[in-house]
Amino acid sequence: MRLLLVFFSAMTASRAQVQQEPSAVTSEGTGINITCSHPSIQSTDYIYWYRQLPGRGLAFLVRAIKGSKEVPDPEGRLSVSADRRSSALWLKRPRLGDAAVY
């Protein structure tokens with residue numbers, strides 16, 4: 001069984017502190033939930049998710065302000081909590097090539 005290692009990156013935005021777990025592991029093809037806490041988000045701020053594959057630049061994945069939104073590549077869904085203080089990116093069937101910084 002091959003393992004997929006997904007790395008997360010905690011970062012600080014100009015107006016909001018953003019926190020994530022440092023890493024997570026799943027088997028190839030087994031869904032994984034990547035959560036992000038942004039407790040100081042402003043009511044008009046969008047939530048953007050990017051990923052950075054090894055040796056590549058940032059690639060935009062999805063943005064949302066509330067609710068949930070499908071993500072075409074990698075296949076999954078972004079869900080934003082009702083209070084907008086956290087969001088989660090669900091990767092439905094991650095492949096080895098999806099190992100990246102999110």
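Return only the number of the condition from (1) in a strand (DSSP E or B); (2) modelled with pLDDT of 90 or more; (3) open to solvent by less than 60 Å² (accessible area, probe 1.4 Å) that residue 4 does not satisfy.
Exception for residue 4: condition (2).
So the check is Cβ under 9 Å with 6+ separation or different chains; which pairs have a first residue in the stretch 45-73 that's over 26 Å from residue 83 (Cα atoms) and a second one that's open to solvent by 90 Å² or more (accessible area, probe 1.4 Å) and assigned to a loop (DSSP other than H, G, I, E, B)?
Here the result reads none, with nothing in the stretch 45-73 linked to a residue that is open to solvent by 90 Å² or more (accessible area, probe 1.4 Å) and assigned to a loop (DSSP other than H, G, I, E, B).
For the subset of the stretch 61-81 comprising residues that are among the small types (Gly, Ala, Ser) and in a loop (DSSP other than H, G, I, E, B), which member is surrounded by the fewest Cβ atoms within 10 Å (Cβ to Cβ)?
67
So residue 74 passes all but one of these: (1) farther than 20 Å from residue 25 by Cβ; (2) in contact with a helix residue (DSSP H, G or I) (Cβ under 9 Å, 6 or more places away or on another chain). Which condition number does it fail?
That leaves (1) as the condition not met.
The values are calculated or read from the model by the stated rules, or taken from the named source; none is laboratory data. All values reported here derive from a predicted model rather than from experimental measurement. We place every Cβ from the backbone using ideal geometry, glycine too, and count neighbours over all the protein chains shown. Please note that ligands, DNA and RNA were not included when accessible areas were found on the heavy atoms of the full protein model with its side chains. Shrake-Rupley method; radii C 1.70, N 1.55, O 1.52, S 1.80 Å.
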